[in-house]
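Participant: Please find one structure pasted underneath; my questions will follow.
Every number in this text was worked out from the coordinates using simple rules, so none of it is lab data. Predicted model only: the values in this text are computed from it and were never measured. Cβ atoms come from the backbone with ideal geometry, glycine included; neighbour counts cover every protein chain shown.
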Amino acid sequence: MQASTESTRGTLAETSSLRISETFVSRQGEGELTGTNSFFVRTSGCNLRCWFCDTPYASWRPEGDQMSIASLVESISDSDVRHVVLTGGEPLLPKESVLLCEMLRERGYHITIETAGTIDRQIACDLMSISPKFRTSTPDADQHPRWSELHEQRRMPIGTMQRLMEQSVDYQVKFVVDGERDLQELQEIVSQLDVPADKVWVMPQGISNEELDQAATWLRPWTAEHGFQYCDRMQIRWYGNRRGT
Ligand SMILES: C[S@@+](CC[C@H](N)C(=O)[O-])C[C@H]1O[C@@H](n2cnc3c(N)ncnc32)[C@H](O)[C@@H]1O
Ligand SMILES: Nc1nc2[nH]cc(C(=O)O)c2c(=O)[nH]1
Ligand code: SF4
Ligand SMILES: [Mg+2]
């Protein structure tokens with residue numbers, strides 16, 4: 001890169017920011033990189049409102065301050081971790097996520113983006129981890145009429161999800177299953193997305209070992225029968241449902 005372009009980028013990194021609810025180092029608990037020590041960046045704010053969201057402080061009641069892209073890159077460089085997980089909230093909502101990912105990739109970091117896959121954004125990463133939301137994740141219409149409507153309108157743009165997968169070095173599709181009633185929709189989405197079974201991860205909805213154990217009794221065999229991969233949410237096993245883990 002030319003010196004002038006580099007300094008423009010440096011200025012941009014100082015002036016562009018993301019609202020961050022938390023950053024922490026932990027082991028990736030979900031999907032194909034399970035066990036990998038990673039630096040997590042959790043943006044605050046989401047365009048959906050799943051009733052079961054395990055990080056309401058980044059969706060329903062977004063918390064956190066703006067942090068410059070430069071300061072985020074610096075914090076990550078200060079850690080000895082080579083994998084970064086950009087999550088939220090919805091990390092594709094703010095356009096500033098693009099610059100963060102560009103700068104991290106230039107520095108050789110491996111980037112996973114955890115997204116619900118509803119925002120059409122050109123962004124480069126190593127693993128696009130898309131978690132499409134079923135109709136059953138929609139919040140209660142009586143309690144949250146506006147969010148219920150928006151969730152339903154926004155949750156399943158198949159073309160957008162396909163573009164996100166095409167742009168990335170690798171991808172995985174990670175479903176949150178709350179009950180047997182989700183299984184037919186899961187299969188319909190897999191067929192619409194046209195993804196191979198080994199890219200599909202089936203994860204139980206739950207934030208306790210008891211919920212995960214209960215779901216595993218029926219969901220694990222169903223997952224194996226269909227050639228999909230089972231995702232046990234190892235962070236709950238390792239740390240419990242604790243913020244910053
Ligand atoms: C908090 S979300 C943030 C990223 C993005 N908004 C999304 O939903 O993919 C991170 C991951 O946690 C999953 N998740 C959220 N709440 C959950 C719950 N109660 N049980 C299981 N998985 C959950 C999401 O589906 C997603 O894979
Ligand atoms: N350990 C750990 N692994 C994770 N994988 C995806 C997470 C997320 O919230 O996006 C997450 C998380 O919050 N913690
Ligand atoms: S899309 Fe992700 S962050 Fe947003 S409410 Fe649903 S689980 Fe939470
Ligand atoms: Mg999480």
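Participant: Tell me the mean residue ellipticity at 222 nm calculated for the chain from its helices only (DSSP H runs of n ≥ 4, each -39500 (n - 2.57), averaged over every residue, nearest 500).
Facilitator: Details: 8 runs with 88 residues, N = 245.
Computed mean residue ellipticity for the chain: -11000 deg cm²/dmol.
Participant: Under the 0.36 nm per residue contour assumption, what length would be gained going from the current alpha-carbon distance of Asn241 and Arg163 to full extension?
Facilitator: Working: separation 78, 0.36 × 78 = 28.08 nm, distance 3.25 nm.
Result: 24.8 nm gained on full extension.
Participant: With the crude spin-label approximation of a point 7 Å out along Cα→Cβ, what separation in nm comes out for Thr217 versus Asp170?
Facilitator: 3.5
Participant: Please work out the C-alpha center-to-center distance from the range 166-182 to the range 214-245 and express it in whole Å.
Facilitator: 13
Participant: Setting aside same-chain residues fewer than 8 positions from Lys199, which lysines have a Cα under 21 Å from its Cα?
Facilitator: Lys133, Lys174
Participant: Taking amide hydrogens as modeled 1.01 Å from N in the peptide plane, which residues meet the under 5 Å criterion relative to Tyr230, leaving out close sequence neighbours?
Facilitator: For Tyr230, the qualifying residues are Val202.
Participant: Same structure again: So what's the net charge close to Gln153: Lys and Arg +1, Asp and Glu -1, counting the other residues with Cβ under 13 Å from its Cβ? Numbers along the way, then the final one.
Facilitator: Working: positive: Arg49, Lys133, Arg135, Arg146, Arg154, Arg155; negative: Glu149, Glu152.
Value of the local net charge: +4.
Participant: Something else now. Got a sec? Which residues in the range 115-152 would a label at Trp60 touch, if it sits 7 Å along Cα→Cβ and we count backbone N under 15 Å?
Facilitator: Counting only backbone N, you get 137-148.
Participant: Rounded to the nearest 0.05, what FRET efficiency do Ile207 and Leu150 have when you use their Cβ-Cβ distance and R0 = 22 Å?
Facilitator: Working: r = 24 Å, r/R0 = 1.09.
Computed FRET efficiency for Ile207 and Leu150 comes out at 0.35.
Participant: Counting only other residues whose beta carbon sits under 15 Å from that of Arg135, what net charge do I get with K and R as +1, D and E as -1?
Facilitator: Summing Lys/Arg as +1 and Asp/Glu as -1 gives -3.
Participant: Which ³J(HN,Hα) values, rounded to whole Hz and listed in residue order, are derived for the range 213-230 from phi using the Karplus coefficients 6.51, -1.76 and 1.60 in 6.51 cos²θ - 1.76 cosθ + 1.60 with θ = phi - 60°, glycine and proline given as x?
Facilitator: 5, 4, 5, 4, 4, 10, 7, 5, x, 4, 4, 5, 4, 9, x, 8, 9, 9
Participant: Ok, one more. Whole-Hz ³J(HN,Hα) for each residue in the range 53-60, computed from phi via Karplus 6.51 cos²θ - 1.76 cosθ + 1.60 with θ = phi - 60°, x for glycine and proline: what do you get?
Facilitator: After applying 6.51 cos²θ - 1.76 cosθ + 1.60, I find 3, 8, 10, x, 6, 10, 10, 4 Hz.
Participant: What net charge do the residues around Gln235 carry, taking every other residue with its C-beta under 9 Å from that of Gln235, with Lys and Arg at +1 and Asp and Glu at -1?
Facilitator: +3
Participant: Only Cα pairs within less than 10 Å get springs; with that Gaussian network setup on the chain, which residue of Gly45, Gly206, Gly35 has the largest fluctuation?
Facilitator: Gly35
Participant: Moving on to the next point. How tilted is helix 69-78 with respect to the longest principal axis of the chain? Cα atoms for both, answer in degrees (0 to 90, nearest 10).
Facilitator: Between helix and principal axis, roughly 80 degrees.
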